[in-house]
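These notes concern the structure reproduced below.
The values are calculated or read from the model by the stated rules, or taken from the named source; none is laboratory data. Given the structure is predicted, the values throughout are model-derived calculations rather than measurements. A quick note on method: Cβ atoms are made from the backbone with ideal geometry, for glycine too, and the neighbour counts reach across all protein chains shown. What goes into the accessible areas is simple: the full protein's heavy atoms, side chains included, and nothing from ligands, DNA or RNA. Shrake-Rupley method; radii C 1.70, N 1.55, O 1.52, S 1.80 Å.
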Amino acid sequence: MESPREEPRRKLGGGSAGVLQGTVETLTFHNPDTGFAVIKLFPESGYGDPEVAGWAFPAVAAVGLWERPTVGARVRLLGRWTRHSTHGRRFEFDSAELLAPESTEGLLKYLSSGAFEGVGPATAQRIVDVLGLDALQLIQKDPEVLATVPGLKKKVRDELARELTARLSEHARLAFLRGTGLNAVQARAVYARWGDECETIVRRDPYALAEVIAGVGFATVDRIAGSLGWRKDSLERCRAGLVHELKEAAGDGHVLVQRERLLASGVELLDAAERPLLERALDELVASRRVVQDGEDRGDVYLAYLHRAESALVTSITRLLRAGRVTPVADAARVRATEAQDGLELDDAQREAVVGLLSHPVALLTGGPGVGKTTIVRLVVELAERAAARVLLASPTGRAARRLSEATGRDAATIHRVLGYDPKSGGFAFGSERPLEADLVIVDEVSMLDISLAASLFAAVQAPTRIVLVGDPNQLPSVAPGNVLHDLIETGVLPVFRLSHIYRQKTGGLIVANAHRILSGIAPLLPERGDREADFYFFPADDAVSTAERLVEVVTERIPATFGLGWMREVQVLAPMYRGDCGVDVLNERLRAAALGPAEVGLLGEEKRAVGFRVGDRVIQTRNDYEKDVFNGDMGRISAVHPDGSLTVAFPERELHYTSENRSDLQLAFAITVHRAQGSEYPAVVFPLVTQHAVMLRRNLLYTAVTRAKRLVVLVGSRRALELALANDRDEDRQSRLAPRLRKQLDAD
């Protein structure tokens, strides 16, 4: 707790940068969940507002993250001076360093602040009378010195020593973590994970940060390691680099990486590391079971959890198929009779699909838009229920589950909810030891199903329960690793019922027809100029900037005027990627400005803005949150931004509160990526086509975007970009061994 040396004021951005040092006079607000604090502080000589003559400015307002702010504490704040539209000049700090009190008055105020149970003004005075101005250091060094203070009960002594030690230790550890270059949120996450051991752990192996702390990547920990004196040819660095490469591959959807490719990319990433050292590091990772080598000549390298998932999925499917033939729930005659009762008229392929899906332990139903998948699923459910079968309906996301429920008239849920996901443990209530209580499980939107979730799902399906998978293999694959639907079709050992005849085609309707044309690499059909009755349009623009400008005009003016759609509720902009002049990030800012007006300068705690969000923002939930009962893909609007940085979001059914801790589950949603839109449908979809996005432009991405629309599709951009998308039919070549392993396992039977 030494006095800090003077440091030159530095430019931090967002205002005049500097250091503010003094004693906390008032604690105006503190949120213990987020650490956000609003304090009033008396600056010491030489510290204060540079805009105030003589630096004389008592009771300075300061806001920022501070775990345990205490009245009377002497602190050193690093941050910047800003001006709030309502509250005037204040200091926004990034870090708070606790200092030793310089006066008896300050020490008395600190001890009697209420932070220490049982210590009031009189008790604080006795402690200072005996231990003097160095009381805090003496207590931290040897808590037994408190026994020399007359009238101080043992319970009070123990609590004071414990709390004081915890506060000083926490400040010291956070100061060390911030000193490595971690930001305030990252430092708090590390401390929450490892507590007082964090400095020891980081010094021993800084690369452990990337393994356990979300948002801390390899580049960050490599820089931290360098600042702590770690050599570039250390085995720890090599192991971390290889794990990083495997994680990057998983982020791209791959379940595995070929050994040679992994080592080559490791050499490139780590620069100074040579191949023999990387081979040794890989051997150590295998020995520690963090990664697995499998396949011919052990040439396939997996992160351990992905190898377990692929192996478990193969085992579960094999088990279901080995259970033998199942009794068909309905035959062709029963299907025809039900058709007649329901006023349906199926073709031969559809009728064969219904009978087949009800006659196998595992079966797949595939096809594009308009071919009758929904009708077939509804009929399968009806026939199964008439046979007294218990049916479970599920989809990977909440929005997809709601669509399935609307289509069938039955309850449907996310796969996580069906399996009884426990957010605290991260596990599922249902699995191999406790299978699902159903006779038939139907899972829709299986193109979104990743290898890990598929493994958990199939583990919970035990014979004689049957499972039907429904999906469109031409849609984009799952965001997480794996390409399950594609791989299961490729096995050639599972019954696959493909529907291809288009039925959902209104007179003059182009969405379904153009979706299939796009899959064939054929330019979409467009209406005659001036036709305002069509459902598919193309607006040309020369470059990315002009495309963005025209898109905003189309969304906010032309569509509402022509089709009567409320663009803030019914029009969804989908884009291939986040970056670029016509990417999601820029489009969100342009559309937000059109909806809410130009943004004010962001000041922490401002009532209309908090860390990138404003009242009125359209937002999307990015993960399933079962405690809040809100799911990936759910959209809402921010109805309030609170001084502590938390938010209130109005969803269609109810309002939810988001602290600064879980605010990261939200993203702006005036525009979203096509991947984010999987499993969802919108009245109208607007899609920008620019050559800046050439690396992402593929048929299946454009096809997925188009098939998200129910009433209207508008493409905006260059014809050259459209040609690039139509010409690129390359599927994402996701690396996995699901198909060959399943074939091999069944051949072994």
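Restricting to region 282-323, give me the number of residues that are part of a loop (DSSP other than H, G, I, E, B) and in contact (Cβ under 8 Å) with a residue 60 or more places away in the chain. Here the count works out to 2. If the condition is being within 17 Å of Thr70 (Cα to Cα) and open to solvent by 70 Å² or more (accessible area, probe 1.4 Å), then region 110-136 contributes Glu117, Pro121. The set of residues in region 684-703 being open to solvent by 10 Å² or more (accessible area, probe 1.4 Å) and small (Gly, Ala, Ser) consists of Ala694 alone. The set of residues in region 345-356 being open to solvent by 30 Å² or more (accessible area, probe 1.4 Å) and touching a helix residue (DSSP H, G or I) at 6+ places or on another chain (Cβ under 7 Å) consists of Glu345, Val355. Residues of region 27-72 being surrounded by fewer than 13 Cβ atoms within 10 Å (Cβ to Cβ) and modelled with pLDDT of 75 or more, which ones? Ala59, the sole residue that qualifies. Of all residues in region 452-478, those satisfying the criterion of being touching a Gly at 6+ places or on another chain (Cβ under 8 Å) and either within 21 Å of Gly398 (Cβ to Cβ) or charged (D, E, K, R) (or both) are Ser452, Ala454, Ser456, Ala460, Asp472, Pro477, Ser478. For region 667-681, the set of residues classified as open to solvent by 10 Å² or more (accessible area, probe 1.4 Å) and farther than 20 Å from Ser478 by Cβ consists of Leu668 only.
Within region 258-281, the residues that satisfy the criterion of being open to solvent by 80 Å² or more (accessible area, probe 1.4 Å) and in a helix (DSSP H, G or I) are Glu260, Arg261, Glu268, Arg275, Pro276, Arg280. Scanning region 642-659 for residues that are open to solvent by 10 Å² or more (accessible area, probe 1.4 Å), under 18 Å from Phe36 (Cβ atoms) and at pLDDT below 90 yields His642, Pro643, Asp644, Thr659.
Among the residues of region 404-423, which ones are under 23 Å from Glu627 (Cα atoms), assigned to a helix (DSSP H, G or I) and open to solvent by 70 Å² or more (accessible area, probe 1.4 Å)? Residue satisfying the conditions is Arg417 alone. Checked against the criterion of being open to solvent by less than 40 Å² (accessible area, probe 1.4 Å) and farther than 25 Å from Ala739 by Cβ, region 424-433 contains one or more residues that satisfy it. For Val441, are the conditions met, namely being in a loop (DSSP other than H, G, I, E, B) and β-branched (Val, Ile, Thr)? No; evaluated as a whole, the condition is false for this residue. Screening region 235-250 for residues that are surrounded by fewer than 17 Cβ atoms within 10 Å (Cβ to Cβ) and touching a residue at least 24 places away in the same chain (Cβ under 8 Å) and picking the one that is nearest to His307 (Cα to Cα) gives Lys247.
Exactly one residue among Val371, Val380 is hydrophobic (A, V, I, L, M, F, W, C), in contact with a strand residue (DSSP E or B) (Cβ under 9 Å, 6 or more places away or on another chain) and at pLDDT 95 or above, and that residue is Val380. Restricting region 327-343 to residues that are open to solvent by 60 Å² or more (accessible area, probe 1.4 Å) and either farther than 14 Å from Val381 by Cα or polar (S, T, N, Q) (or both) leaves a set whose member that is farthest from the chain's Cα centre (by Cα) is Ala333. Per this entry, Val362 is not counted among residues that are in contact with a Ser or Thr (Cβ under 7 Å, 6 or more places away or on another chain) and either crowded, with 23+ Cβ neighbours inside 10 Å or modelled with pLDDT of 95 or more (or both). Which one is surrounded by the most Cβ atoms within 10 Å (Cβ to Cβ), of the residues in region 548-583 that are among the hydroxyl-bearing types (Ser, Thr, Tyr) and in contact with a helix residue (DSSP H, G or I) (Cβ under 9 Å, 6 or more places away or on another chain)? Among them, the one singled out is Thr556. Applying the set (1) within 30 Å of Glu406 (Cα to Cα); (2) open to solvent by 60 Å² or more (accessible area, probe 1.4 Å); (3) out of contact with any strand residue (DSSP E or B) (no Cβ under 6 Å at 6 or more places or on another chain) to Arg711 leaves exactly one unmet item: (3).
Residues of region 374-403 that are closer than 12 Å to Ile442 by Cβ, among the polar types (S, T, N, Q) and surrounded by fewer than 23 Cβ atoms within 10 Å (Cβ to Cβ): Thr374 alone. Looking across Asp629, Asp625, Asp634, one residue alone is buried (at least 20 other Cβ atoms within 10 Å of the Cβ) and under 17 Å from the mean Cα position of the chain (by Cα). It is Asp634.
Residues in region 357-397 that are more than 23 Å from His416 (Cα to Cα), in a loop (DSSP other than H, G, I, E, B), in contact (Cβ under 8 Å) with a residue 24 or more places away in the chain and hydrophobic (A, V, I, L, M, F, W, C): Leu358, Val371, Ala387. Among residues that are without any contact (Cβ under 8 Å) to a residue 60 or more places away in the chain, hydrophobic (A, V, I, L, M, F, W, C) and farther than 17 Å from Pro643 by Cβ, Leu107 is included.
Among Arg410, Arg402, which is the only one that is of a type outside the set (Phe, Trp, Tyr) and closer than 15 Å to Arg378 by Cβ? Only one candidate qualifies: Arg410.
In this structure, Leu746 does not qualify as in a helix (DSSP H, G or I), within 23 Å of Arg676 (Cβ to Cβ), open to solvent by 10 Å² or more (accessible area, probe 1.4 Å) and touching a residue at least 60 places away in the same chain (Cβ under 8 Å).
Take the conditions (1) under 28 Å from Val190 (Cβ atoms); (2) at pLDDT below 95; (3) open to solvent by 60 Å² or more (accessible area, probe 1.4 Å); (4) assigned to a helix (DSSP H, G or I); Lys232 misses just one of them, which is (4). Pairs are defined by a Cβ separation below 7 Å, a sequence spacing of at least 6 or placement on different chains, a first member in region 478-505 that is surrounded by fewer than 16 Cβ atoms within 10 Å (Cβ to Cβ) and at pLDDT below 90, and a second member that is assigned to a strand (DSSP E or B) and among the small types (Gly, Ala, Ser); the pairs so defined are Ser500/Gly367.
Among the residues making up region 447-474, those that are open to solvent by less than 20 Å² (accessible area, probe 1.4 Å) and in a loop (DSSP other than H, G, I, E, B) are Leu449, Ala460, Val461, Thr465, Asp472.
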